[in-house]
Amino acid sequence: MTDAVLVVNSGSTSLKFGAYTTGKEATLLCRGVVDSMSTDPHFVAKEPDGKPLDAHEWGEGQVLHHKAALNYIIGWLEQHEANIKVVAAGHRVVLGGTRFDGPVVITPEVLDYLDGLSVMEPSHQAFNVRGARAIAEDFPGLPQVAVFDSSFHRTMPDVAQIYPLPKAARDTGVRHWGYHGISYDYISRQVPKVAPEARRVIVGHLGGGASVCAMLDGKSIETSMAFAGLTGLPMATRSGDVPADVIFYLLRTKAYTSETLEKALYGDSGLLGLSGTSSDMRVLQASPDADAKLAVDYFVYALVKFIGAYTALLGGLDALVFTAGIGENSAIVRAAVLERLDWLGLKLDAAANAANGPRISTADSKVAAFVIPTNEELMIAQHTLDLVSSV
Ligand code: ADP
């Protein structure tokens, strides 16, 4: 049997997992997902190179709770050909609040604190906690670690962590949390390998969810995804920045209720809202439709706006990094962004960009630009191993 760390990303209706070795450098053994848990649950597992390992279906109309899904995954890892013994679990948890500026060993009291934050971040937090609680109940001796998306941004200056609201509103606990921190943590460790001199770095984590982070010496000083993952850049279906007075107008005129508006802002906006047809950058780029083009243009426009603002905050820019689904794969978006940043001294290497990097700026470009694939799962495995072996 091979000892392994189980990395868990527990969402509302899907549960992604990866099993990693426990050696000094965690390496992937296999990964998989239980999907459509509330409608048509099905399990797939794959080898590290993506080759299918196994699959299982519970049948349409069945409902699989997080507990049952995790029991199935752990049982499968131990009993099937993978023959893996889970010796620790690491969870992706989006929000660590003011208390956690780094990963933490999970206790019942930690879970209660994290659950208490769900009211601030309704899309992921409660489901992340549910996964950890399920394992705590059914595998009580198994050490567990929570790794947070918000922790990386606790290095932001105080002025960047507040909103200009009355004290009574700020006293409710509202803060500029920031997300995608597990990805930014990983990227901050890769940048010195490709650009050892770079101190002022902007990273675009551009996936289904998208944000930008300004880093000084590898530490976050500002980021665009603010409080509950809705704002900043336009995303696949999330709006990005929309002024609060627009929100009030839509409510005042009864075009929406607060419930339907929240649903629209999270689920029907962003690339999908602008194009009216797709939330997928691949589809939009390939479409001749004017609204699809508008969606891509808006995404690039917003990105350039954030990069400009963050360059000012950093007092200049040494390196720009693209990561996640769009960042790693869309030569079109990267080229459009770099073209508009020519004034900054960014010169695109078109051939390297077409090949998805790693360096996509020319040798004489004053600012370097890179494509660096992110690996949030590995980061969680590594942090889990570090904490579990130190207790
Ligand atoms: P998530 O945030 O859901 O983890 P990813 O980081 O995997 O998402 O990014 C998913 C997005 O990446 C897709 O919605 C798609 O728009 C985009 N994407 C993937 N491949 C390409 C590609 N070749 N060209 C442009 N966009 C791509």
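Some points to look at:
- Residues of segment 66-80 satisfying the condition of being over 23 Å from Ile380 (Cα atoms) and either in contact with a strand residue (DSSP E or B) (Cβ under 7 Å, 6 or more places away or on another chain) or modelled with pLDDT of 95 or more (or both): His80
- Qualifying positions in segment 29-49 - touching a strand residue (DSSP E or B) at 6+ places or on another chain (Cβ under 9 Å) and more than 19 Å from Ser10 (Cβ to Cβ): Leu29, Glu47, Pro48
- Ala331 in contact with a strand residue (DSSP E or B) (Cβ under 7 Å, 6 or more places away or on another chain) and of a type outside the set (Asp, Glu): no
- Each residue in segment 359-371 was checked for being in a strand (DSSP E or B) and basic (Lys, Arg), and 1 of them qualify.
- Subset of segment 251-270 (residues that are part of a loop (DSSP other than H, G, I, E, B) and closer than 30 Å to Arg282 by Cα): Asp268, Ser269
- Single residue of segment 251-271 satisfying the filter (open to solvent by less than 70 Å² (accessible area, probe 1.4 Å) and within 15 Å of Thr231 (Cα to Cα)) that is nearest to the ligand (Cβ to nearest atom): Leu271
- Taking the numbered list (1) touching a residue at least 60 places away in the same chain (Cβ under 8 Å); (2) touching a helix residue (DSSP H, G or I) at 6+ places or on another chain (Cβ under 7 Å) in turn, Glu197 passes all entries but (2).
- For segment 101-120, the candidate set comprises residues that are open to solvent by 20 Å² or more (accessible area, probe 1.4 Å) and of a type in the set (A, V, I, L, M, F, W, C); within that set, the residue that is nearest to Thr155 (Cα to Cα) is Val104.
- Residues located in segment 326-344, provided they are open to solvent by 10 Å² or more (accessible area, probe 1.4 Å) and either within 16 Å of the ligand (Cβ to nearest atom) or at pLDDT below 95 (or both): Ile326, Glu328, Asn329, Ala331, Ile332, Ala335, Ala336
- Number of positions in segment 285-296 that are of a type outside the set (A, V, I, L, M), part of a helix (DSSP H, G or I) and either touching a Gly at 6+ places or on another chain (Cβ under 6 Å) or touching a residue at least 12 places away in the same chain (Cβ under 8 Å) (or both): 2
- With respect to being touching a residue at least 60 places away in the same chain (Cβ under 8 Å), open to solvent by less than 30 Å² (accessible area, probe 1.4 Å) and in contact with a helix residue (DSSP H, G or I) (Cβ under 7 Å, 6 or more places away or on another chain), Ala302 falls outside the description.
- Any hit, segment 28-40, residues being of a type in the set (Asp, Glu) and modelled with pLDDT under 95: no
- Residues that are more than 12 Å from the ligand (Cβ to nearest atom) and either more than 17 Å from Val300 (Cβ to Cβ) or outside any loop (DSSP other than H, G, I, E, B) (or both) within segment 237-250 comprise Val242, Pro243, Ala244, Asp245, Val246, Ile247, Phe248, Tyr249, Leu250, listed in sequence order.
- Conditions (1) open to solvent by 30 Å² or more (accessible area, probe 1.4 Å); (2) under 22 Å from the mean Cα position of the chain (by Cα); (3) within 16 Å of the ligand (Cβ to nearest atom); (4) over 21 Å from Tyr186 (Cα atoms); number of the one not met by Glu377: (4)
- Which numbered condition Asn356 fails, given (1) away from the ligand (no atom under 12 Å from the Cβ); (2) free of Cβ contacts under 8 Å to residues at least 60 places away in the same chain; (3) not in a helix (DSSP H, G or I): (1)
- Some residue of segment 287-299 being surrounded by fewer than 16 Cβ atoms within 10 Å (Cβ to Cβ) and closer than 21 Å to Cys213 by Cα: yes
- When the criteria are applied in full, Val86 meets the requirement of being buried (at least 16 other Cβ atoms within 10 Å of the Cβ) and assigned to a strand (DSSP E or B).
- Exactly one residue out of Leu314, Leu387 is under 24 Å from the mean Cα position of the chain (by Cα) and either within 16 Å of the ligand (Cβ to nearest atom) or open to solvent by 40 Å² or more (accessible area, probe 1.4 Å) (or both): that is Leu387.
- Residue check, Leu70 in contact (Cβ under 8 Å) with a residue 24 or more places away in the chain, within 26 Å of Asp185 (Cβ to Cβ), in contact with a Gly (Cβ under 8 Å, 6 or more places away or on another chain) and not polar (S, T, N, Q): yes
The values are calculated or read from the model by the stated rules, or taken from the named source; none is laboratory data. Since we're looking at a predicted model, the values are computed, not measured. With ideal geometry, Cβ positions are generated from the backbone for all residues, glycine too; neighbour counts draw on all protein chains shown. Accessible surface is based on the protein model in full, side chains and every heavy atom, while ligands, DNA and RNA are left aside. Shrake-Rupley method; radii C 1.70, N 1.55, O 1.52, S 1.80 Å.
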